[in-house]
Structures are given as C-alpha cells and as structure tokens.
Amino acid sequence: MVTTLPANVEDYTPLQAQSTYSDAEKAAFGELQKYISEHTNVNIWWFWDLGQKVARIRRDAKSQQALYGKKVLFRLAKGLGHNNDRQLYNAMNVVTQFGSKKAFTEYVKLRGEAGNQLSWSHIVYLSGVGDTDLRMQLAAASLEQTWSAEELWRKVKELCDRKARGTRVPDIKIPNSAQGCLTHVSSQAEKYVYNHDKAWTGDAFDLAATVKDIPADKLSIKLLDAVRETKKRVDGMQTRAATMVQILSDIEVDISARMDAQVRLDVAAAAAMSAASGTDGGDDAVAVVAHEKKAAAKKKPAKKKPAKKRPGRVGTSK
C-alpha cells in the first residue's frame, strides 16, 4: 500500500519521515537514534558529541548529494520524533563555530563569582558571535552579571543589529525647515495609523487572530522571539511618539505665547503713533498695524526716477 506523504516536510510523522530515507540517511538515522537511546544523561557534553555526529552527517550530505535527499536534518529530526531540526542544528552549529573541543572546553570551565556556569542555551547563543574575543567577553559578562540565556540572547542580537546598521545605513530624509519637519512627522504618523488599521489589525489581516489560529505544535521559539523583538521596537516607538507629542505641545504653547506678545507690542506701537499724531487710535489700533504690515509686505521698493529739471520762471522783459 502506497502512503501519500503530506506536501510539507513539517507535517511528516516519524514513520512518514523514515519512509523517505535513502540508505545513507538510514545509516545516519540509526547512528543518531542509537546515541540518543544509549546516552540518557543529557548535559553540555551530550550536546557536543551529538553536534559532532550531526556535523559529519551534514558534511557527507553536501559532498555526496546523490546519496542524500533535500532537508536531510529536518527529515532526520522528524524521524526522531522532533517537531523541527532546532536541536540537531544548534548542536551542529556549536561544533562548527567553536571549531575544536579544546576551545569549547574553555567555555565549559568558566565560572562566575557565585559558582554559576554557562548552560547549553548560553553556549548556543554565544555560537552566534563570530568574533572569538567578543564571544569570550560576552561569556564572562554573562557569568559576572548572572544573565539568563534570554538576556544573553538579547545582548548578542543587539550586537548583530548594530553591526548590520553599521554596514547599511538606511536613507533618512533630513528636513531643512520647521514646516518640512512637521510635514514629514505628519506623513509618517499617518502611514503608521493606516498600516495599523488596514494591514495589521483590520479585516484583511489581523495579527492576533492569525497567531491564535496557529496550532500549538506549530508554534516556535523563532516566532516567540519575533513577537518579543517587535514588542520592544513598538514600545520604543511609543515612547518616542509620546516625546514627540510633548515637543509639539511645547512648540504650540511657545508659538501662541510669542504671537500674543507680538500683538500686544503692535497695539502699543499703534497707540503711540496715534498719540503722537493727536488722533484717537482707539479700537482700530490693531487693524491699523495689521494693515500697515500687510501693505509693507506687498509693497515693492520703487525704482528711483531721474529728477526732472525745474522749468525756469517766466518773467517780463526788461
């Protein structure tokens, strides 16, 4: 009887995954299955040895592609009963990044003042740092400040983001006037509101509802990390938005106060002019000043015309 396999490898059962193995993959699967069943004391060294086996299988799959199918690690992981290949990949990546057992041992032996040591999760996140000196500094700081694995992950990610920003600086439109800046801020705020209402939480797509529809066995650390990172960024944006609202409120008060003060100065100047001319400025003072300002703004400097010769006086002949 021929069993129809699901379209996505992610949906394979262990038996379905095993049914896809080539001879080379069956041998690899048997090796991993035997190691896991015989070594039940799971610790850092358990992961290291597992990583060495997975790394070798990965190398063989790359060098002998005819003997292996696609998504080898993922199918092996599914055959072992895992939802994904994260455990196998992390173990392999640690071995690959640390390079040697000697280098790896240096991190295993590290201790903090309280006797704390790095967990396997700490090691996994440190493997994401290519610079060996920086990796050791982060490891020491993690022990000294007793960071959890998640706190260490955030530090590593910040460094990666900073490095990425250093290599690619996004184009930023720098305003050259107050009006230009206000237009820019307004357009960006409008864009966010539109996306929020139409693209993220609207009828066409609703983020919260979409996540709720994901089956529990399909949820992942990657998705959870993305939620936390996005929340952090939006929170930072919210803080900056509140700061901008306060800045705009202060500017509004400043403009209103200075305009009112200028009106009072103009009224006083108009009253003084009326008093000097002996006329009653009265309530028309503001209107007079406003009219004069408007006229002055529109008036163009007149071109000087050559002076006309004054005609001589006509007299009687002597």
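The values are calculated or read from the model by the stated rules, or taken from the named source; none is laboratory data. Note that this is a predicted model, so its numbers are computed, not measured. Note that each Cβ is placed from the backbone with ideal geometry, even for glycine, and that neighbours are counted across all protein chains shown.
Quick notes on this one:
- Top-ranked residue in the range 94-118 [being closer than 21 Å to Ala55 by Cβ and either part of a loop (DSSP other than H, G, I, E, B) or charged (D, E, K, R) (or both); ranked as nearest to the chain's Cα centre (by Cα)]: Leu118
- Within the range 20-66, restricting attention to residues that are in contact with a Gly (Cβ under 9 Å, 6 or more places away or on another chain) and not in a helix (DSSP H, G or I), the residue that is farthest from Ser100 (Cα to Cα) is Thr20.
- Here the range 46-93 is the region considered, the condition is being in contact (Cβ under 8 Å) with a residue 60 or more places away in the chain and closer than 21 Å to Leu118 by Cβ, and the residue that is surrounded by the fewest Cβ atoms within 10 Å (Cβ to Cβ) is Arg86.
- Being exposed (fewer than 15 other Cβ atoms within 10 Å of the Cβ), modelled with pLDDT of 90 or more and of a type in the set (S, T, N, Q) is a property that Thr105 has.
- Residue match in the range 151-166 (condition: among the acidic types (Asp, Glu), modelled with pLDDT of 65 or more and surrounded by fewer than 12 Cβ atoms within 10 Å (Cβ to Cβ)): yes
- Residue count for the range 67-85, restricted to those that are aromatic (Phe, Trp, Tyr) and part of a loop (DSSP other than H, G, I, E, B): 1.
- Helices (runs of 4 or more DSSP H) lying entirely in the range 173-285 (those with 3 or more residues that are modelled with pLDDT of 85 or more and over 29 Å from Arg154 (Cα atoms)): 178-194, 221-277
- Which numbered condition Ser37 misses (of (1) exposed (fewer than 13 other Cβ atoms within 10 Å of the Cβ); (2) more than 26 Å from Ser121 (Cβ to Cβ)): (2)
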